[in-house]
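Here is the structure we will look at.
The values are calculated or read from the model by the stated rules, or taken from the named source; none is laboratory data. Nothing here was measured: the structure is a model prediction, and the numbers come from that model. Cβ coordinates were reconstructed from backbone atoms using ideal geometry, including for glycine residues, and neighbour counts include every protein chain displayed.
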Ligand SMILES: Cc1cc2nc3c(=O)[nH]c(=O)nc-3n(C[C@H](O)[C@H](O)[C@H](O)COP(=O)(O)OP(=O)(O)OC[C@H]3O[C@@H](n4cnc5c(N)ncnc54)[C@H](O)[C@@H]3O)c2cc1C
């Protein structure tokens, strides 16, 4: 509605001045908002959970979050990760408030890498080198050392929230039951971005059946020895992710499909500590003191077949879908934001260059 309560005649509002509406304020919605604001678009984010919140259904509060090259993905998706690395590196170098920092990594592989494996990441990370026999444990076939980036979500989400507000973005805390509800709230807008994570399973006009919740539970161990990441790549999915700004390391991991329990499962926690101890005994003691431990529980917004990133016309609106990032939302975030900004600009071009 216009200022006087009259319906807005959308055709009189120039395209670039119609607010872009983003449903969801996790890492995907916020990274997209930041990029669009930097490109000059007005942006409104509508979400039940906002930066700084701690619901288990707000995955972005709980991620590790390490930049690790994903295996088995297309060249286009690899490039999303490379773009993300570029943005995160700049934040690590220039802005400690971002919670992003550079850490030394040791990655051990059970089997030699195939062409389709995480090996492609060597062109993106710094100081990559093959470890020599004797530098990795004897039960592995090879290992790599390199510098990568870790993002402390307890700092990064509030930082992004602050940046978005400083750039003129607006947050509205609200749960909606459908995208239709959102269209009705913003009749003057043409572009809507659905970055609702696991919400896309239940929104009445989305109900994406490929979406499923995938529970994660990590142990946070308080320690000053938090500069090196360890990653076991193969049959066992074990990592020790340093969080220097929070003075500790995150031990994991586990993936439990369709489990929504907010309770700490101590069997999982004990198993993660044991696996992390085998991987990095110099950081993780076999029996760490109880008062040095916290537990992290979050629901990954996973999707069978991988994330959805596409543009579709719905009546006279354009809806961009960006959800289903599972365990990789941080690693893909700024690349996906860049792709969404380009999709918005394509729509702008089609609207203004007739
Ligand atoms: C334990 C754990 C460890 C992880 N480690 C890593 C890692 O090392 N690296 C990595 O890249 N990723 C990691 N991840 C994954 C990462 O956290 C997610 O991929 C990412 O946070 C997903 O972001 P998102 O913005 O899509 O979703 P979310 O952060 O879940 O945000 C969804 C947003 O949509 C809103 N929303 C949903 N439905 C509605 C509705 N109906 N109405 C209003 N608002 C709605 C929510 O309120 C929220 O604001 C990890 C996850 C977990 C749980």
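Let's see how each residue does on (1) touching a helix residue (DSSP H, G or I) at 6+ places or on another chain (Cβ under 6 Å); (2) under 15 Å from residue 328 (Cβ atoms):
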residue	(1), (2)
43	yes, no
65	yes, yes
69	yes, yes
74	no, yes
77	no, yes
91	yes, no
106	no, no
132	no, no
137	no, no
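Are any residues in region 281-305 within 16 Å of the ligand (Cβ to nearest atom) and closer than 13 Å to residue 250 by Cα, and if so, which ones?
293, 294, 295, 296, 297, listed by residue number.
Would you check which residues across region 113-125 are within 21 Å of the chain's Cα centre (by Cα) and not in a helix (DSSP H, G or I) and list them?
117, 124, 125
Taking region 170-211, which residues are within 11 Å of the ligand (Cβ to nearest atom), under 19 Å from residue 257 (Cβ atoms) and assigned to a loop (DSSP other than H, G, I, E, B)?
Within region 170-211, 202 is the sole residue that qualifies.
Tell me, please, whether a residue that is modelled with pLDDT of 95 or more and either loosely packed, with under 13 Cβ neighbours inside 10 Å or assigned to a loop (DSSP other than H, G, I, E, B) (or both) can be found in region 151-161.
For region 151-161, residues modelled with pLDDT of 95 or more and either loosely packed, with under 13 Cβ neighbours inside 10 Å or assigned to a loop (DSSP other than H, G, I, E, B) (or both): present.
Inspect all residues belonging to region 248-269 and state whether any of them is surrounded by fewer than 20 Cβ atoms within 10 Å (Cβ to Cβ) and closer than 19 Å to residue 224 by Cβ.
No; the residues of region 248-269 include none that is surrounded by fewer than 20 Cβ atoms within 10 Å (Cβ to Cβ) and closer than 19 Å to residue 224 by Cβ.
Looking at residue 132, is it crowded, with 18+ Cβ neighbours inside 10 Å and either in contact with a strand residue (DSSP E or B) (Cβ under 9 Å, 6 or more places away or on another chain) or modelled with pLDDT of 95 or more (or both)?
So residue 132 does not fit the description; no.
Select from region 306-354 the residues that are more than 10 Å from the ligand (Cβ to nearest atom), in a loop (DSSP other than H, G, I, E, B) and either at pLDDT 95 or above or touching a strand residue (DSSP E or B) at 6+ places or on another chain (Cβ under 9 Å) (or both) and list them in ascending order.
The one that is more than 10 Å from the ligand (Cβ to nearest atom), in a loop (DSSP other than H, G, I, E, B) and either at pLDDT 95 or above or touching a strand residue (DSSP E or B) at 6+ places or on another chain (Cβ under 9 Å) (or both): 306.
Right, residue 338: in contact (Cβ under 8 Å) with a residue 40 or more places away in the chain and within 16 Å of residue 22 (Cα to Cα) or not?
Here the answer is yes, as residue 338 does meet what is asked.
Outside any helix (DSSP H, G or I), in contact with a helix residue (DSSP H, G or I) (Cβ under 7 Å, 6 or more places away or on another chain) and within 13 Å of the ligand (Cβ to nearest atom): which single residue out of 236, 214 fits that description?
214
Could you please find all residues in region 282-305 being under 20 Å from residue 268 (Cβ atoms) and assigned to a loop (DSSP other than H, G, I, E, B)?
The answer is 283, 284, 285, 286, 287, 288, 289.
Counting residues that are within 14 Å of the ligand (Cβ to nearest atom), farther than 26 Å from residue 217 by Cα and touching a residue at least 24 places away in the same chain (Cβ under 8 Å), which strands (runs of 3 or more DSSP E) fully inside region 1-112 reach at least 2?
20-23, 43-47
So residue 272 passes all but one of these: (1) closer than 25 Å to residue 60 by Cβ; (2) part of a helix (DSSP H, G or I); (3) out of contact with any strand residue (DSSP E or B) (no Cβ under 9 Å at 6 or more places or on another chain). Which condition number does it fail?
The failed condition is (3).
Can you give me the number of residues within region 148-166 that are away from the ligand (no atom under 16 Å from the Cβ) and in contact with a strand residue (DSSP E or B) (Cβ under 8 Å, 6 or more places away or on another chain)?
Of the residues in that region, 0 qualify.
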